[in-house]
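Okay, structure first, notes after.
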Amino acid sequence: NLSALSGGASYRISGSRNYGYFAGGGHETGSPPPSYTLLTTVARLDFLNETFSVKMGAYYTFNQFRRYIAAVSSSSHGYFGGGEGGPTVPNWSTQERLDFSNETFSTPDNYLPTAKFGLAGCSSSSYGYFGGGIPYTMKIQRLDFSSETFSSPGNGLSQARGNLAATESNSYGYFAGGDTTETTVDRLDFSNDTTTVNNPMPYGRGGVAALSSNSYGYFGGGTSGSNTPNYTNRTRRLDFSNHTFSAPNNLLLSQAIAELAGTSSNSYGYFAGGDNHSPSPAPISSCTVERLDFSSETTSVPGTGLPQPRQDHAALSN
């Protein structure tokens with residue numbers, strides 16, 4: 001099975017998931033003076049023993065700094081698309097392509113039609129879909145996995161928004177939350193590439209992360225877009241059978257957090273990193289990993305965390 005999160009998600013195919021990859025983003029500290037360090041490193045989570053590894057050089061390392069990215073996956077490759085390269089760097093229309101066979105990255109020649117950040121991604125068996133983003137847009141841009149070319153089919157999102165999240169069932173993709181329309185959920189029908197407005201997400205937020213099991217989608221964390229941000233530790237559960245949301249109290253994260261990322265093994269979902277808005281001089285970026293047990297629908301914090309605190313990143317699994 002295959003799943004990608006956070007800013008993105010991936011279609012589940014038969015087979016086992018071996019690794020999760022938490023990529024890009026940055027590390028922010030509140031220690032005087034405040035600082036933000038962009039990252040090209042990728043932290044690989046081994047689902048078998050829940051340990052992380054980070055390699056430099058060609059192996060699972062981005063070619064460019066980028067944050068506020070989205071991720072989609074085919075059966076052979078993962079794609080991290082768009083993003084922002086920092087205050088003085090234009091938004092990216094490029095992608096970082098991860099080859100699952102050798103865990104190396106490359107930059108495909110085909111670019112997103114629009115350079116943007118704060119977008120979200122989900123996948124069917126044949127296509128990856130990058131939706132929304134900043135500059136605020138309603139567009140959904142479709143990546144054909146067979147040709148690695150982009151198009152803009154269907155009718156797009158119902159409203160322009162960024163810093164949203166996406167996940168999927170086998171038949172639908174779900175784009176939820178965002179800065180400007182925090183509770184809005186658009187459901188993408190993979191059979192015809194059209195969207196309809198789904199039941200709303202409770203405790204709507206931007207900067208939320210998403211992952212999925214075979215039966216449910218889970219949207220964790222997030223913050224309001226107001227001048228006094230309201231962070232949450234809520235996880236909202238989407239029932240794929242009837243497209244409705246709930247927010248069970250047993251799915252609370254250990255901390256209120258936003259700008260995190262998530263991915264899934266066959267048995268567990270993992271939300272990792274994010275902005276926990278700790279007061280100075282404590283770090284703002286988190287290295288905490290929150291594990292969601294799909295069988296019991298309970299959350300816990302396993303013994304290992306990210307090797308380096310990070311936020312504004314994306315994740316997927318092979």
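Checking each residue in segment 309-318 for being within 18 Å of Q255 (Cα to Cα) and either over 14 Å from the mean Cα position of the chain (by Cα) or of a type in the set (D, E) (or both) picks out P309, D312.
Output the residue which, of all residues in segment 151-181 that are of a type in the set (A, V, I, L, M, F, W, C) and under 19 Å from E84 (Cβ atoms), is surrounded by the fewest Cβ atoms within 10 Å (Cβ to Cβ). Walk me through it before giving the result.
Quick first cut of segment 151-181, residues of a type in the set (A, V, I, L, M, F, W, C) only: 157, 160, 164-166, 175-176.
Next cut, under 19 Å from E84 (Cβ atoms) only: 160, 164-166.
Numbers: A160: 18, L164: 32, A165: 35, A166: 35.
By that ranking, first place goes to A160.
Across segment 41-82, the number of residues qualifying as surrounded by fewer than 18 Cβ atoms within 10 Å (Cβ to Cβ), closer than 20 Å to Y268 by Cα, touching a Ser or Thr at 6+ places or on another chain (Cβ under 9 Å) and among the hydroxyl-bearing types (S, T, Y) comes to 2.
Looking at F80, F62, F117, which is the one that is at pLDDT below 95 and under 19 Å from the mean Cα position of the chain (by Cα)?
On the way: F80 fails: at pLDDT below 95; F117 fails: at pLDDT below 95.
The match here is F62.
Given the structure, is A272 under 22 Å from I140 (Cβ atoms) and either out of contact with any helix residue (DSSP H, G or I) (no Cβ under 8 Å at 6 or more places or on another chain) or at pLDDT 95 or above (or both)? Taking the combined requirement at face value, the residue does not satisfy it. Could you please find all residues in segment 221-250 being open to solvent by 30 Å² or more (accessible area, probe 1.4 Å) and free of Cβ contacts under 8 Å to residues at least 40 places away in the same chain? Listed by number, the residues that qualify are S226, N227, T228, N230, N233, R234, D239, S241, N242, N249. Once segment 260-271 is narrowed to residues that are open to solvent by less than 40 Å² (accessible area, probe 1.4 Å) and not aromatic (F, W, Y), the residue that is farthest from R17 (Cα to Cα) is L260.
Taken as a whole, the structure places G269 among residues that are of a type outside the set (A, V, I, L, M, F, W, C), assigned to a strand (DSSP E or B) and more than 12 Å from the chain's Cα centre (by Cα).
All conditions in (1) open to solvent by 50 Å² or more (accessible area, probe 1.4 Å); (2) at pLDDT below 90 hold for G7, with the sole exception of (1).
If you go through segment 292-308 and pick out every residue that is touching an Asp or Glu at 6+ places or on another chain (Cβ under 8 Å) and in contact (Cβ under 8 Å) with a residue 12 or more places away in the chain, you end up with 5.
Conditions tested, residue by residue: (1) modelled with pLDDT of 95 or more; (2) assigned to a strand (DSSP E or B); (3) under 18 Å from the mean Cα position of the chain (by Cα).
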residue: H277; (1), (2), (3): no, no, no
residue: R291; (1), (2), (3): yes, yes, yes
residue: S295; (1), (2), (3): yes, no, no
residue: T304; (1), (2), (3): no, no, no
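The values are calculated or read from the model by the stated rules, or taken from the named source; none is laboratory data. Just so we're clear, the structure is a prediction, and the values are computed from it rather than from any experiment. Quick reminder, even Gly has a Cβ in these numbers, built from the backbone with ideal geometry, and neighbours come from all protein chains shown. Accessible surface areas use protein heavy atoms only, side chains included; no ligands, DNA or RNA. Shrake-Rupley method; radii C 1.70, N 1.55, O 1.52, S 1.80 Å.
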